[in-house]
Amino acid sequence: GRALDLAASEGLAVLVADPSGHPMEDLPAAWFTGELVWVFGSEDLGARAGIRRRAKATVGIPLAGRTRSLGVAAAAAHLLLRTAELRRAGVGAKIAGSAEFS
């Protein structure tokens, strides 16, 4: 918890992955393109309440069909990939590289 408090005091956005959280598209893009800390809780219990309270937001992944939840590794992979895509779209080739092949 103290590490998250320090990160927030330094201006980093603390975001917690949680099935009941908001879709990334509903939150300010600047939270994902700036400096941030992602928190992924345990597979069965998620992040503790004290950790969720420290977060700028909880972020969920909208699911379709009969899928009720994702494992923490799959959720982390999805959210980190979406973060990278938003950063790539926001900064262009300077940091993220280019999709063009030479």
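Observations
- For the chain, the residue among Leu79, Ala7, Ala47 whose Cα projects farthest onto the positive side of the dipole built from Cβ charges is Ala47.
- Protection-proxy order for peptides 44-51, 13-20, each taking the mean of Cβ atoms within 10 Å per residue, highest first: 13-20, 44-51
- Segments 30-43, 63-76 sorted - mean Cβ within 10 Å per residue, highest first: 30-43, 63-76
- Taking every protein chain into account, the accessible area of the chain amounts to 68 square angstrom per residue (probe 1.4 Å).
- Within the accessible area of segment 6-77 (1.4 Å probe), percent carbon and sulfur: 52 percent
- Helix-only [θ]222 nm of the chain, DSSP H runs n ≥ 4, -39500 (n - 2.57) each, per residue, nearest 500: -11500 deg cm²/dmol
- Here the Karplus curve 6.51 cos²θ - 1.76 cosθ + 1.60, taken at θ = phi - 60°, turns the phi angles of segment 76-90 into couplings of 4, 4, 5, 5, 5, 5, 4, 4, 4, 5, 5, 5, 4, 5, x Hz, with x standing for Gly and Pro.
- Shape of segment 21-69, Cα gyration tensor, a/c cut at 1.5: oblate
- Globularity index of the chain, i.e. its alpha-carbon radius of gyration over 2.2 N^0.38 Å: 1.15
- Mean projection area, nm², convex hull over Cα of segment 2-47: 3.6 nm²
The values are calculated or read from the model by the stated rules, or taken from the named source; none is laboratory data. Keep in mind it's a predicted model, so treat the numbers as computed, not measured. Neighbour counts are summed over all protein chains in view; Cβ atoms, including those assigned to glycine, are modelled from backbone coordinates with ideal geometry. Note: areas computed on protein heavy atoms with side chains; ligands, DNA, RNA excluded. Shrake-Rupley method; radii C 1.70, N 1.55, O 1.52, S 1.80 Å.
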